[in-house]
Amino acid sequence: MTKRIFRATLTVALTVLLASLVLIVGVLHGYFQDRVLEELASRTSYIALGIEHEGMAYLEDGFPNDCRVTWVAADGAVLWDNREDPAKMENHADRSEVHEALVLGRGHAARYSDTLSQKTLYYALRLSDGSVLRVSDTQYSVWMLVLQALQPVALVMVLAFCLALWLAGRLARQLVEPINAVDLNDPGDEIDYEELAPLVGKLRSQKRQISRQMEDLRRQREEFAAITGNMSEGLLVIDRDTRVLSYNAAALRLLNAQAPAEGESVLTLNREPGFRRCVEEALAGRRREELLEREDGCRRLFASPVELDGQTGGAVIIVLDVTEQEQREALRREFTANVSHELKTPLTAILGTAEILENGMVKAGDIPHFAGNIHREAQRLIGLVNDIIKLSRLDEGGPTAQWETVDLHDAAEEVLRQLAPAAENKQVTMTLEGGPACARGVPQIVEELIYNLCDNAIAYNRPGGSVTVTVADTPEGGRVTVRDTGIGIPPEAQTRVFERFYRVDKSHSSGGTGLGLSIVKHGAAYLGARVELESEPGKGSTFTLVFPKITE
Amino acid sequence: MRNKFDEQLKRLHVELIQMGAACEDAISAAAEALLKGDVSLASAAVESERELDRRERDVENLCLKLLLQQQPVARDLREISAALKMISDLERIGDQAADIAELTSYVRVPDGSGVLHIADMTRAVIGMVTDSVDSFVKKDLELARSVCAADDRVDELFSQVKQELIDMIASDAAWGQQGLDLLMVAKYLERIGDHATNVAEWVEYSITGVHPSNN
């Protein structure tokens, strides 16, 4: 700034100086020349008058020798000169002022000397006898004047330079001070220069705009972080050089990795073959799905390419925890395999017996025995299919039967009546204790639950054992307890007995479908009831159904 | 200029991770083939070995390009020279994994871990390779040092396996053929352990600037 001001000041000063110099020299020189010519003219006419009267004698008489006087004859020969010998001087007829005087009566001219340092002004007048009188005077030429003025001018220039330097510094400081005083972070309304007002206004509005945009960005980022942070799915965004652009906490948790450093490759998080395939394929522009089986569970990866300007600019990888899903899938596969097996066993027995009967290899007396076999196996098959139907109904949300208030005591009594023949077969005594208690539910399901528990209690009992059913109304709700004195369930099997087709006794010798307790579990869940199990191997088991309290 | 250099260094890092992962693939395929007697997995190990060779050449080219064009100094130079050394170790691990895979068609590891500790040895060596690659990925000095310590355990297991094989052959000469093949497998495993240690040492060098062998 100082430099610019200095340059401007100096330029102005020097321009003004030179302009005035040229003007003064030009105008004054012209003026003085006119003055000199006028004086020369009057002087010439004065001398001419003298010569007209006295002739050569006037010249010889002498007069102040301050100017040169030449008398030229009409043919151009010099008659007299006050500075030089006329005889040595050449013919003056071709001198412009003489020539002019000879023709027009008077003439004047100006001629520079050889060095240009001096200028000679001539004035010529024709006398009455036809001769010409010329008077001349010398003066300094413009160039000489300028040259002579050069020293003071240079001095002024140096002065101007110093003054400009000082002024520029001062001016710059004074100019800049208010500008510097403006607080750029918070430009106030008071500004010394009104020229700066639009700038400051713009600054202010831009600052507002920027802070608004920053705020928007921050909010968006926070929203994004909040959304992705609370996602249970892992999210990874990478660029085409596999560098991580964005990730969420779930991704790190699911991959069991540490937070990557800025610009780190995604392969530092995980480098299992499946993961690498996902990254490679997605960056090659293809979608890819992979299952990672890890020690801490199963992860499903979905990798999709991100298109930017028509080419793959990166990829998004979603990580899902599918451990439970995979477990359920495994359970379902196991169930299907079990069902097929359970269905096939009685069918094989029926088929074999039927074939023997068909071939007539059985004596007439034995037919009832074989038919009994078929009957028993077919019944088992029907029982199994019925159980599966019940289970799948419960799985689908239960039967459409009406909910009503069920008297648990009545239900238990009905079950005991139905099971009395079976109990008698196994030599098991059954007793019903407790008082009336009610629960909300579907009567068929409630009965089914108690039936299954009691059926198991009889089937897994020992001869001479007992089954005690206790119905009680507790503050928590209706409660049905089925206690037996049977073989009991080992602790490690207690959590598994509710699984479909799970049997403690792998030999299947005790009959049953293996679905009874599974139905109990699903039925109880459907009614909102809870099943509790206490058991000691060799002593017996106690199953308790706790129904939710009727809230009306 | 610097930007491009950083870019290339990052790429080198990624390439090395991929090479390390390929190396893990090779050895776990070989180990599975060996322990489960699944010969089809052996070809996977050989496949991984080929990939490793290809990657080694790529990384080598990248390193040389970096050295010639960027003339790195200090830490960068250390990282690149360590990378150059590491890739040859990784490539050797791949070779030995492929060698083990080839032997799996002839040998059968006897069941029961009490008889022969070759399964333990395999697991220990896989752990070492994984840890050495991990220490590079995470620039984890502690992990790198733990790899060097684990090598002693592998050496110990090697002498144990050797003694067990001697006993086996002494008890039944029919074991002779298999016993020698198993000894080769054990030796390869032991060598892989040494290479994993080398990798870990180069990781330590690239972090601290001092190679552990100088201490």
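A few remarks follow.
- Ranking A:Phe335, A:Pro368, A:Gly352 by Cα position along the charge dipole of the stretch A:255-403, where only Lys, Arg, Asp and Glu carry charges on their C-beta atoms, puts A:Pro368 farthest toward the positive end.
- Using alpha-carbon coordinates, inclination of helix A:323-358 to the longest axis of chain A, degrees: 30 degrees
- Of the peptides A:319-327, B:95-103, the ranking by mean beta-carbon count within 10 Å, highest at the top, reads B:95-103, A:319-327.
- Using a cut-off of 18 Å between Cα atoms, the listed pairs B:Lys10/B:Lys139; A:Lys3/A:Lys202; A:Lys426/A:Lys521 include A:Lys3/A:Lys202; A:Lys426/A:Lys521 as exceeding that distance.
- Taking other C-beta atoms within 10 angstrom as a stand-in for reagent exposure, B:Asp25, A:Asp216 fall in the order A:Asp216, B:Asp25, fewest first.
- A:Ala57-A:Ala87 FRET efficiency (beta carbon distance; Förster radius 25 Å; 0.05 resolution): 0.80
- Look at the dipole of the stretch A:24-77 built from charges on Cβ: of A:Leu49, A:Gly76, A:Val36, the Cα furthest out on the positive end belongs to A:Val36.
- Think of it as helices only: each DSSP H run of n ≥ 4 in chain A is worth -39500 (n - 2.57), and spread over all residues that comes to -17500 deg cm²/dmol at 222 nm.
- Loop-resident sites, the stretch A:509-552, for trypsin sites (Lys or Arg not before Pro), counting at most 15 other Cβ within 10 Å (DSSP): A:Lys539, A:Lys549
- Ranking of A:Cys298, B:Cys23 by neighbouring Cβ atoms within 10 Å, starting from the fewest: A:Cys298, B:Cys23.
- Estimated inter-spin distance, A:Lys202 and B:Lys10, nm [label 7 Å along Cα→Cβ]: 3.6 nm
- Site pair B:Leu64 and A:Glu536 shows an inter-label distance of 8.1 nm when each label is modelled 7 Å from Cα along Cα→Cβ.
- Peptide B:14-25 shows a mean partner chain C-beta count of 4 within 10 Å per residue C-beta.
- Per-residue shielding of A:146-157, expressed as the average number of other chain Cβ atoms within 10 Å of the residue Cβ, stands at 0.
- Other residues within the sphere of radius under 14 Å centred on the Cβ of A:Gly434, judged by their own Cβ, net out at -3 (K and R +1, D and E -1).
- Principal-axis tilt of helix A:367-395 within chain A, Cα atoms, nearest 10 degrees: 30 degrees
- Against chain A, whose longest principal axis comes from its Cα atoms, helix A:273-283 is set at around 40 degrees.
- Sequence-distant lysines (8 or more away, or on other chains) whose Cα lies within less than 17 Å of B:Lys187: B:Lys162
- Value at 222 nm in deg cm²/dmol, rounded to 500, when DSSP H runs of n ≥ 4 in chain B each add -39,500 (n - 2.57): -30500 deg cm²/dmol
- Chymotrypsin sites (Phe, Trp or Tyr not before Pro) restricted to DSSP loop in the stretch A:9-100 with at most 16 other C-beta within 10 Å: none
- Estimated D of the protein assembly as shown in µm² per second, where Rh is the Kirkwood radius over Cα pairs and Stokes-Einstein applies at 37 °C, 0.692 mPa s: 82 µm²/s
- Relative contact order of the stretch A:401-546: 24 percent, from C-alpha pairs under 8 Å at least 6 residues apart in sequence.
- Comparing the stretch A:326-390 with the 2.2 N^0.38 Å rule of thumb, its C-alpha radius of gyration ratio is 1.48 (two decimals).
- Kirkwood-type radius of chain B, with distances r between different C-alpha atoms, in Å: 17.9 Å
- The trypsin sites (Lys or Arg not before Pro) of the stretch B:43-130 that DSSP puts in a loop, and whose beta carbon has at most 16 other beta carbons within 10 Å, are B:Arg108.
- Springs between Cα atoms under 10 Å define the GNM used for chain B, and in it the highest mean-square fluctuation of B:Val46, B:Val203, B:Val107 occurs at B:Val107.
- Note on A:264-271: average number of Cβ atoms from other chains within 10 Å of each residue's Cβ is 6.
- Each of B:Leu64, A:Leu127 has some number of other Cβ atoms within 10 Å of its Cβ, and from fewest to most they run B:Leu64, A:Leu127.
- Highest-fluctuation residue, B:Ile169, B:Ile80, B:Ile192 considered, GNM on chain B with Cα pairs under 10 Å: B:Ile169
Laboratory data are not the source of any read-out in this text; all were calculated from the coordinates shown. Since the structure is predicted, the reported quantities are computational estimates derived from the model, not experimental observations. Every residue, glycine among them, receives a Cβ derived from its backbone with ideal geometry; neighbour counts consider all protein chains shown.
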